[in-house]
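Have a look at the structure below before the remarks.
FYI, it's all coordinate maths here, none of it is from the lab. Given the structure is predicted, the values throughout are model-derived calculations rather than measurements. Please note: Cβ atoms are built from the backbone with ideal geometry, for glycine as well, and neighbour counts cover all protein chains shown.
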Amino acid sequence: APAKPRGAGDEAWGPPSPALLEPARFALEMYNRGRAPGTQAVLRAVRGRVRQADQGSLYSLEASLEEPPCNDPTVCQLPVSKKTLLCSFEILDELGKHMLLRRDCGPVDTKVTGAGIPKDAGITPSHFTRSLVLISSLSLPYPDEKNDTLSSVISLLNKGPLSKDFSMKMLSVFKDFLTTYNRTYESKEETQWRLSIFINNMVRAQKIQALDQGTAHYGVTKFSDLTEEEFRTIYLNPLLREDLGKKMRVAKPVGDP
Amino acid sequence: APPEWDWRNKGAVTNVKNQGMCGSCWAFSVTGNVEGQWFLNHGTLLSLSEQELLDCDKMDKACLGGLPSNAYSAIKNLGGLETEEDYSYQGQMQACNFSAEKAKVYINDSVELSRNEQKLAAWLAKKGPISVAINAFGMQFYRHGISRPLRPLCTPWLIDHAVLIVGYGNRSDIPFWAIKNSWGTDWGEQGYYYLHRGSGACGVNTMASSAVVE
């Protein structure tokens, strides 16, 4: 089932396991990168799990962060009254070196005003703006043009999270996606939720594009409206990681007399 | 190994299939391998049943995942594989309906292949398509081209998807594996994924295997 956003108070969080503190601190450091002291978010709570293998560990964390009060409404990412963020982090610790693989943060129970997007396809401005708030908190730089549609969207994004051009472009890309893959949803709420996932995924695709060392192009696919968790659960095969299958004999190399 | 090879041009590979909303990649990877082995040893390309494995391979977990090594054992123990036509894909586990009389293909054994990608290429060119498992990082958004994610993002120890290598070569001097996926033709390059060859990208060399057909 889709992992829809939860409120911070959905369930009680116990004290964090000591093993999670180091990756949580690293995630917070990454989150606050480039911010001046006094404007940095602080970690309020964290929980998560760790998967360990020979060469490292993969941490999946859920953290509650608190942003300091923002006094300038032109730069505030969240409404003044809403300062708490719920974040999902995935951190790889390989040979003692940390790397942030995934970061998704969103305000908890935030209600924000519209961004000027037309009420179309069941998509309301408030939900759209919420997605933009989420995107605007992402910090990786964007690469050179590789995927025309995606790059133009991202360049519009960089001009300002509430740009009407961006809103229209994004909606247009999403509508193309719905048509191309013949996608329909059960309700307006579902459509809004899928749009927010779609936007988040476009940013993720652009990051993957930026970090690819080959010639691959990443962008909109038929899986673009699925969360990472949904995609993994539905289409992938976690048993392969365990590799507890029957041992097979080793093949003789070809050409070996 | 020859500088390039592609079993698709030699009639050893069936059309790209679609696993649907089911984590049955392991079954598609194995049937693809057996299809190739049967073609090379008996001269006939048959599209084989993944549903038989979903329903009858009790060592694996159907749509919740499975392992190629278990699937080879299941095929051997059951007495073969039926064709796609006789035991068609439903995308969900059902009661086992295998009939030994309908089995068209059998296997004698299975083998684990080298982790050396040069040796894998040599094996592929001589013996046929190879079942492999990879870390699927980035595949959710892959459209075309040769994928080569940064190693820490696509670690070889987080393997989560089984596929079939059907060929290899170079595009503009970049070496690649041509990989048959099971997400339909409306994903990737007509259903195929191209992954960098020679760098152990996404663990492509960690779980290579094949059935043995005599």
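For the stretch B:1-130, the gyration tensor built on C-alpha atoms gives a prolate shape. Its axis ratio a/c (a ≥ b ≥ c) is at least 1.5, and a/b is the larger of a/b and b/c.
Sorted largest first, the principal axis extents computed over the alpha-carbon atoms of the stretch B:90-157 equal 48, 32, 24 Å. If I model the stretch B:72-214 as equal point scatterers sitting on the Cα atoms and use the Debye formula, what is log10 I(q)/I(0) at q = 0.12, 0.16 Å⁻¹? Listed by q, the Debye log ratios stand at -0.56, -0.94. Positive contributions from Lys and Arg (+1) and negative ones from Asp and Glu (-1), summed over other residues with Cβ under 9 Å from the Cβ of B:Pro152, come out at +1. In loop segments of the stretch B:47-146 as defined by DSSP, the trypsin sites (Lys or Arg not before Pro) with at most 11 further C-beta atoms inside 10 Å of their C-beta are B:Lys58. Database note for chain B: Cys without another Cys beta carbon under 4.7 angstrom, B:Cys25. Below 9 angstrom from the Cβ of A:Tyr181, what's the summed charge of the other residues (Lys, Arg +1; Asp, Glu -1)? Once all neighbours under 9 Å are counted, the net charge is 0. Less than 11 Å Cβ to Cβ from B:Tyr89, Lys/Arg counted +1 and Asp/Glu -1: what total charge do the surrounding residues give? Taking every other residue near B:Tyr89 into account, the sum is -4.
Provide the three semi-axes, in whole Å and in decreasing order, of the ellipsoid equivalent to the stretch A:188-257 as defined by the square roots of 5 times the Cα gyration tensor eigenvalues. They are 37, 19, 9 Å, listed largest first. At 10 °C and a viscosity of 1.306 mPa s, what translational diffusion coefficient does Stokes-Einstein give for the stretch B:4-74, taking Rh as the Kirkwood radius over Cα pairs? Give it in µm²/s as a whole number. It diffuses with D of about 125 µm²/s by this estimate.
Note that the stretch B:160-214 shows a convex hull volume over its alpha carbon atoms of 109 Å³ per residue.
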